[in-house]
Structure formats: C-alpha cells, structure tokens
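These notes are about the structure you will find just below.
The values are calculated or read from the model by the stated rules, or taken from the named source; none is laboratory data. Keep in mind that what you see is a predicted model, and the values were worked out from it rather than measured. So basically every Cβ, Gly included, is an ideal-geometry build from the backbone, and we count neighbours across all protein chains shown.
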Amino acid sequence: MQAMVLHAPGQPLRMEQRADPQPGLDEIVVQVEACAVCRTDLHIVDGELAQARLPIVPGHEIVGRIQRLGSDVHGDWRIGQRVGIPWLGRSCGHCSFCRLGRENLCDAPVFTGYDRDGGFATQVSATAAFCLPLDVPQDAVHAAPLLCAGLIGWRSLRAAGPHFDAIGLYGFGAAAHIVAQVACHEHRRVHAFTRPGDLAAQEFARSLGATWAGGSDETPPEPLDAAIIFAPVGALVPLALRTVKKGGRVVCGGIHMSDIPSFPYHLLWEERELVSVANLTRADATAFLYFASRVPLRVEATAYPLAAANAALDDLRSGRLQGAAVLVP
C-alpha cells in the first residue's frame, strides 16, 4: 500500500510504501476510494494539536470498500461493501460517558488519523463496530466530506437547538455548506458569514439557500436565534454573541480554535449561551446518514491525487478552497 505520512509537525507529508494492513480480530481492512481533508488534519500537520502518535497517516473522512474481515467481526459486514470511516475510531465502552451514550466524550478514545493511521492512503484498517454502512447517492469523492464535515455540522445544528429559526454560520467552508442545506430543509433562515470581502463564498452560500450572506464584520438583517462557528478563529466568538438575541446560543464547532479575546459581560448576559461540540457519536452518524440518503445534498468537492496531499492542505490553509478537498488514491 501507499500512504502519505506525517513524521514531524510542520513538515510536509511523505509518500511511503508500506506492507498491506492486516485486520485485528474485530477490524476490517478497507480499500480507500476517497478521503476528504478536514481542518483537523491541518491542525495535526501544523502542530496545533498535541500529537499522541508519530509517525501518523492523517485522514478521517474515508470512503472505501471492505477488503478483509477480522475473525471476530460480527454483524452484516461483507467483502466489497461500501463503508465510511469517521474520526471516532473506538471508545472504551465502560467510562461514565460511554455508559450514558456520550461516547464522543469517552475518557480513552481512539481517533482515526490521530491515534491510529487514517485514510491518506490506499488502504486502512478500522474497528468494524465504529465503521458506517454508506448508502448515500454521492460518489466517493462527494460522499467523503459527509463523514466529518457533514457529521460535525449535523451535531452542531442539533446543539444550536431545534426551536431556533434564524441561524448564523461563521466560516462558510466544508461543514457550513452542508449544514446550510440541512437547515434550509428544516425551514430555518440561514445567515452565512464569510471572510470580509469574499464575494464568491457569499454568492455560493446564497446559491445553497442562505437568506443572507456577508462578511464576519457585518451585522445580519435580523437578530439570530443561534450562531455556529466553524472557522477556528476565537475572535469570532464575541462577534457572534453580538448577533444573537436574548436566550440565544453560540456553538463552537471546531476541535481547535485560537484564543477567545476578552469581551464585556453584557454580550453573554440575558441567558445567552456559549457551548462547544466535541467529536460525534455513532448515533449522530446514523441519524445524519439516514437524512443524507433521503434528502439530496449538494457537496462541493475538489479532488486531488493522493500524492498531492500537501497541496490540498496548503489550499485549505490559505482559504483557496470552496467546499472540501478530497484525496483520491
């Protein structure tokens, strides 16, 4: 197999030849058809997250087909089946969070592309119980972003509250362009905030149903019930708090964000809430993929060959992408 490998933070990934992975007892081996590039991959490569394991093959938005099954794999898995492999690669199953159905907060989790090798490769092994049967209409390139951008957007929208109608999305990238369509399908009014002056992204947001689109330094035409921040910019938090009405909520949807600057208490007063979303559960994934199999979602994706992973990361880093970058072996 071939893999793009990170040996040290801040260094380019290196293409390597490796022995084909063999499944553990409860694992499957998947032939990778596509793997989307997440901003979390960028944080790992750039050293913004403490690295648990090096060297590592990044990538956790994986679409592929099962090649081999471990001897202890149970359920309806079969050779050739199309599956998705997400960020949460395993949870302990016995900590207090797991017992309460909150495996996204597990005390001893394993994350794909962070603790174990991920999908920037031609093959990958994964714990079968944490893989996802994939029955969505998109081809591999356009299905891959659903495995994280779509899932974290879905969980963030749920965290924003089902009774909130006017929703703001800060950072209109891979996650926001999918969740905007979900929100519009639920008859919510979407307000998209982009980098100031990014007219192309604003037009893209309107083409997906956004009621309004403007720069993050602008004021939306109505007070918001909730705002979701996908851009890893802490300075957006007080800006978002200014836009939400009394009793509103600001949701931080990223795994990493720059420091939040101090802000006056009156922005939080009147029962406004500031919350974060961490990872996802298999229940989240099942609910979202069921939705995605029945409601047409337009997934904007730019395909790169596996060997061009560093170029894809650089395009994401510099904001040259609209939608998601996807690696294709």
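Structure notes:
- Filter result for Ala210 (under 21 Å from the mean Cα position of the chain (by Cα) and either modelled with pLDDT of 95 or more or part of a loop (DSSP other than H, G, I, E, B) (or both)): yes
- Test set (1) farther than 17 Å from Val277 by Cβ; (2) in contact with a Phe, Trp or Tyr (Cβ under 9 Å, 6 or more places away or on another chain); (3) not hydroxyl-bearing (Ser, Thr, Tyr) - Asp139 fails condition number: (2)
- Pair list, Cβ under 8 Å, 6 or more apart: region 75-88 residue surrounded by 16 or more Cβ atoms within 10 Å (Cβ to Cβ), other residue of a type in the set (D, E, K, R) and in a loop (DSSP other than H, G, I, E, B): Arg82/Asp135
- 3 or more residues buried (at least 24 other Cβ atoms within 10 Å of the Cβ) and not assigned by TED's automatic domain parsing to the domain that holds Ala235: qualifying strands (runs of 3 or more DSSP E) within region 118-194: none
- Filter pass, Arg242 being in the same structural domain as Arg158 (by TED's automatic domain parsing) and more than 25 Å from the chain's Cα centre (by Cα): yes
- If the condition is being of a type in the set (Phe, Trp, Tyr) and over 14 Å from the mean Cα position of the chain (by Cα), then region 265-292 contributes Tyr265, Trp269, Tyr290, Phe291.
- Restricting region 240-280 to residues that are among the polar types (S, T, N, Q) and either in contact with a helix residue (DSSP H, G or I) (Cβ under 9 Å, 6 or more places away or on another chain) or modelled with pLDDT of 95 or more (or both), the residue that is nearest to Ile167 (Cα to Cα): Thr243
- Any hit, region 218-226, residues being in contact with a helix residue (DSSP H, G or I) (Cβ under 9 Å, 6 or more places away or on another chain), under 24 Å from Val295 (Cα atoms) and not in a helix (DSSP H, G or I): yes
- Ala19 meets the conditions (1) assigned to a loop (DSSP other than H, G, I, E, B); (2) under 23 Å from the mean Cα position of the chain (by Cα) in every case but one. The failed one is (2).
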